[in-house]
2 protein chains.
Amino acid sequence: MTKKITIAIDAMGGDNSPGKTIEGVSLFLKKNQKNEDFILHLYGNKLAIEDELKKYKITSNLIKVFHSDSVVSDKETPLTAIKNSKNTSMWNCIRSQLDGSSDISLSAGNTGVLLVVSRMILKMMNKVSKPALAGFWPNTKKNGLNVVLDLGANIECDDNNLVDFAELGSALYKSLFPNEIVKVSLLNVGSEEIKGTEMLKNAYKKLKALSSENNFLFNGYSEGNTIMNGESNVIVTDGFTGNVALKTAEGTAKFITDNLKKTLTKNIFTKISLIFSYFSLKKFKNKLDPRKYNGAIFLGLNGPVVKSHGGTDGIGFYYSINFCYKIIKGDLIKQIKNNLNHLSGE
Amino acid sequence: MTKKITIAIDAMGGDNSPGKTIEGVSLFLKKNQKNEDFILHLYGNKLAIEDELKKYKITSNLIKVFHSDSVVSDKETPLTAIKNSKNTSMWNCIRSQLDGSSDISLSAGNTGVLLVVSRMILKMMNKVSKPALAGFWPNTKKNGLNVVLDLGANIECDDNNLVDFAELGSALYKSLFPNEIVKVSLLNVGSEEIKGTEMLKNAYKKLKALSSENNFLFNGYSEGNTIMNGESNVIVTDGFTGNVALKTAEGTAKFITDNLKKTLTKNIFTKISLIFSYFSLKKFKNKLDPRKYNGAIFLGLNGPVVKSHGGTDGIGFYYSINFCYKIIKGDLIKQIKNNLNHLSGE
């Protein structure tokens, strides 16, 4: 038997934990009853975790609980966390990768703290200048998923950082969709070569030189309105722009769906209409459900760390566990190392 | 009688012109039958314009046509336009502001060319370092409109540019909603004071010092997901970020509404549902109709220039004429001059 995929989970991060994290674990176990190629390591307050496990009647031998005395407080910032986060559930969850007892770490804790702690423990990969936070966006194509990075780990970037992000992001995409061709584009204010800052123009030249079938195909510039059209499946940008774009998309989606909800529950006629459209609208809602895309990942460290949305629920947390499982199954770290070989290591 | 509001219109810019521009003119005349406080000056090929005017049976004395031999070609870029745009319909439309024969100019031509030509003819205002492109976003509040700038006139900005944009944008908002309190915020990756680049932190300090009831109230930082929540009504950012945010919002809206359309026309049940929800969904669609927000404006020049979306139709063009009418009625230039008095003129 091959080695099991071991996912280290910080059971205490984010709102309503460990309740929601264990609900997510329970869902993951249910959906993977036939697979026995994984094991989940839960870090946090042992008593609280075991109470929740009982609630969901989880007695699986695919679960192991590791006690941590403390958790990262809500008040912690990236600066204070350097001092105060040692031996918290988050710390121990990430640290477990060092001696090989886990393959990937997952936490719903504060993003800034998680990045600082991950970087302290796992250190940067050779050849990578800065870590990036990569996330998933729905698109109109068959497999319906784009990788977008950086979503906020670095608010200022240079052209070499963007080139690194392209290699990291395309490795992530390959680990999820090994049979697809990876197409990378740079987010810009226009699609013509003359558009954008000098930094983007330099990154453009370097990515064009790296474009090849056994690495990724470089698709040139994308604009904000083409992120979701599926022409490219890896969209590269600096963390400031990526963060604003992600949150703007979230805000726009919320604005529209809130308005739609109001519209369809306004009067007796629209309520009758819902009887006829209920199942179709449910599928529509399901496709746009942000919980399905829950889970962003820090790339560029000597080990993958996945960040779940702090405010998500059990279903959202399930998706982030599932996401960890898939990328380790797709051998993410090997894909990254292969990709980094294309860089000259400047 | 007070002087009439004179709107100079480049009838030839964008797709399907002068057809769509004259359709927009026709709609504007119909909706303003009782107002006689305006006059529309149309610039372009006189024969083509008069053909279209006949088609819509427009014989109003509120219309005047000015012949231009040439139009700005589709192939023109901001660089080539400096040489080639003289005496085009766009050029003459903007030039008419110089001798006071018009108050505002409107064109659906290429954005970059329009900015270069406008800047060449009208020149920058004293105290303003760079012009900004300001647009309108729907929000959840009563009057339902936010000003967002810069949407792409300057891809690199410093803190003083952002301060100028705040003064310009709040003057624009005041010209449209004279009885509202203007609340300005800076787009950033977080709402805490420690977030963002040094440039943003400097702009934050300067805007905080300028915050007052007779200027604008400074609301601190906004994030992408709060642009549309109505807490602030003027959102300030650099042209790169603003352009990406705008296009990302457009792409997200298109993605969702395309999916919704597919969902609601999928089968016989959803088609029946449409019978009951038709009127409500029509209102919903109407609220989100991008044509209602058509019209972005270059601020900071010695005269206002409005840019209509090139691909809009007659209805969209109508909205941009209406928008010109409203801001001149609200005395935009006086509002800007008042606001600029708050700046020290560094």
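Label-to-label distance for B:LEU217 and A:ASP69 is 4.8 nm, based on points extended 7 Å past Cα in the beta-carbon direction.
Listing A:THR77, B:THR252 from fewest to most neighbouring C-beta atoms within 10 Å gives A:THR77, B:THR252. Distance between the modelled labels on A:ILE275 and B:ASN16, one decimal in nanometres: 4.0 nm (7 Å Cα→Cβ projection). Reported to the nearest whole Å, the Cα centre-to-centre distance from the stretch B:3-25 to the stretch A:233-248 is 37. Summary value for the stretch A:129-298: 32 percent relative contact order, contacts being C-alpha pairs under 8 angstrom separated by 6+ residues. Here is what passes the span test in chain B: the DSSP H helices with alpha carbon length of 20 Å or more along the helix axis and a Kyte-Doolittle mean of -0.5 or above are B:159-176, B:239-264, B:268-288, B:314-329.
Backbone geometry of the stretch B:93-99 corresponds, through the Karplus equation with coefficients 6.51, -1.76 and 1.60 at θ = phi - 60°, to 3J(HN,Hα) couplings of 4, 6, 4, 4, 6, 5, 9 Hz, x marking Gly and Pro. Over the stretch B:42-169, the hull volume per residue, using the convex hull of the C-alpha atoms, is 169 Å³. Take B:310-316, B:174-180, B:91-97 and order them by the average number of nearby Cβ atoms within 10 Å per residue, most first; the result is B:91-97, B:310-316, B:174-180. Once C-alpha pairs closer than 8 Å and six or more residues apart are averaged by separation and normalised to the residue number of chain B, the relative contact order reads 24 percent. For B:LEU79, inter-copy separations between label points set 7 Å beyond Cα along the Cβ vector come to 4.5 nm, shortest first. Residue pairs exceeding 23 angstrom between C-alpha atoms, taken from B:LYS254/B:LYS287; A:LYS206/B:LYS195; B:LYS174/B:LYS285; A:LYS282/B:LYS282; A:LYS285/B:LYS254: A:LYS206/B:LYS195; B:LYS174/B:LYS285. Remark: label point of B:LEU274 defined 7 Å out from Cα along the Cα-Cβ vector; separations to the same position in other copies 2.1 nm, ascending.
Each Cα pair under 8 Å and six or more residues apart adds its sequence gap; the mean of these over the residue count of the stretch A:1-114 is a relative contact order of 37 percent.
Each stretch of four or more DSSP H residues adds -39500 (n - 2.57); spread over every residue of the protein assembly as shown, this sum gives -14000 deg cm²/dmol at 222 nm. Over all Cα atoms in the stretch A:129-298, the spread is summed up by Rg and Dmax: 18.2, 61 Å. Sorting A:VAL184, A:VAL189 by the number of Cβ atoms found within 10 Å of their own Cβ, with the fewest placed first, yields A:VAL189, A:VAL184. Here is the tail figure for chain A: Cα pairs spaced more than 30 Å apart come to 38 percent of all pairs. Take the alpha carbon gyration tensor of the stretch B:225-346, find the square roots of its eigenvalues, order them as a ≥ b ≥ c, and report rounded if a/c is under 1.5; if not, report prolate when a/b exceeds b/c, else oblate. Cα axes put the stretch B:225-346 in the prolate bin.
If you bin all the Cα-Cα distances of the protein assembly as shown at 20 Å, starting from zero, the percentages per bin are 17, 45, 30, 7, 0. Take the alpha-carbon centre of the stretch A:136-203, take the same for the stretch A:56-116, and report the distance between them in whole Å. Centre-to-centre distance over Cα atoms comes out at 29 Å.
Counting from the shortest, the label point at B:HIS67, 7 Å from Cα toward Cβ, is 9.5 nm from the same position in each remaining copy.
Residue order for A:PHE276, A:PHE240, fewest other beta carbons within 10 angstrom first, comes to A:PHE276, A:PHE240. Using 0.36 nm per residue and subtracting the Cα-Cα separation, the extra length available between A:LYS34 and A:ASP331 on full extension is 104.8 nm.
Readers should treat all values here as calculations from the given coordinates under stated rules, not as data from a laboratory. The shown structure was predicted, so the numbers you read here are calculated from the model rather than taken from an experiment. Every residue, glycine among them, receives a Cβ derived from its backbone with ideal geometry; neighbour counts consider all protein chains shown.
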